[in-house]
Amino acid sequence: MHIALFGATGRVGTVFLHKALEEGHHVTALVRDATKLATHPNLTLIVGDAKVYEDIEKTAVKADIILSSLSTDQTTTLTDSMKHMIAVCLKLQINRIVSIGTAGILDSRLEPGKLRYDSVESRRSKKFAAEEHAKTFYMLQQTTLDWTLVCPTALPMGERLGNYRVEADLLPEEGKRISVYDTADFTYKVMTEHLFSKKRVGIAY
């Protein structure tokens, strides 16, 4: 499989990248600084900006699937890049896109009809990041693409336990945290086994 990867130098993206390469996949990654990643025969690096359409297209031109683990970084990078990714998918006929979201955009158990970040379940004082993630969710919902949003709760680096719970559109009950390693491993599984089509999926221990 040829994967177009965005956010390859982030915490989840780096772990996902290593696993994908270990499993023999080809990866083209868009990065701002190529020196942050070691060379690999199956890895192609494109230096550019995820907010630029042409850089997204150049990264995805040979891809079978798009994987995004971009963060908001308190900017509109997430929504700007998703708009371009959707357009590129439609142009290049890439049907599958998997992205890392946040548990805040899962459905609230306590206030049906609301997302968690905007309900009594949230302890967030600042909502900008969750709002950006929610916008990407609504963008994907309006497409014909085969998308999945992996939505972890509190995300310490932690360790690879391999024992976690997942649930479509909801955070598993009493879910408090999930490690970067298990989030990346589950994202890889979602990609390779084609799980949770057109769904958000909560993940936690």
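The values are calculated or read from the model by the stated rules, or taken from the named source; none is laboratory data. Values in this document were obtained by computation on a predicted structure and should not be read as measured data. Cβ placement follows ideal geometry from the backbone for every residue including glycine, while neighbour counts extend to all protein chains displayed. With ligands, DNA and RNA removed, areas are computed over all heavy atoms of the protein, side chains included. Shrake-Rupley method; radii C 1.70, N 1.55, O 1.52, S 1.80 Å.
Quick one: would you say K135 is in contact with a helix residue (DSSP H, G or I) (Cβ under 8 Å, 6 or more places away or on another chain), of a type outside the set (A, V, I, L, M) and either free of Cβ contacts under 8 Å to residues at least 24 places away in the same chain or surrounded by fewer than 21 Cβ atoms within 10 Å (Cβ to Cβ) (or both)? The answer is yes for K135. The set of residues in the range 51-61 that are over 11 Å from C89 (Cα atoms), open to solvent by 20 Å² or more (accessible area, probe 1.4 Å) and not aromatic (F, W, Y) comprises K51, V52, E54, D55, K58.
If the condition is being β-branched (V, I, T), surrounded by fewer than 17 Cβ atoms within 10 Å (Cβ to Cβ) and in contact with a strand residue (DSSP E or B) (Cβ under 7 Å, 6 or more places away or on another chain), then the range 10-35 contributes no residue at all. Considering (1) surrounded by 15 or more Cβ atoms within 10 Å (Cβ to Cβ); (2) over 20 Å from S71 (Cβ atoms); (3) small (G, A, S), the lone condition that G48 does not fulfil carries the number (2). Screening the range 63-115 for residues that are more than 11 Å from T136 (Cβ to Cβ) and acidic (D, E) and picking the one that is surrounded by the fewest Cβ atoms within 10 Å (Cβ to Cβ) gives D73. For residues in the range 151-160 being aliphatic (A, V, I, L, M) and within 12 Å of I203 (Cβ to Cβ), which is nearest to the chain's Cα centre (by Cα)? The selected residue is L155.
Reported count of residues in the range 151-189, each being assigned to a loop (DSSP other than H, G, I, E, B), out of contact with any Ser or Thr (no Cβ under 8 Å at 6 or more places or on another chain) and acidic (D, E), is 3. Among all residue pairs at least 6 apart or on different chains, which show Cβ distances below 6 Å where the first residue, located in the range 153-176, is surrounded by fewer than 14 Cβ atoms within 10 Å (Cβ to Cβ) and the second is of a type in the set (F, W, Y) and not in a loop (DSSP other than H, G, I, E, B)? Pairs found: R160/Y181.
From the list T192, T148, T144, the one residue that fits, being among the hydroxyl-bearing types (S, T, Y), outside any helix (DSSP H, G or I) and over 14 Å from G101 (Cβ atoms), is T144.
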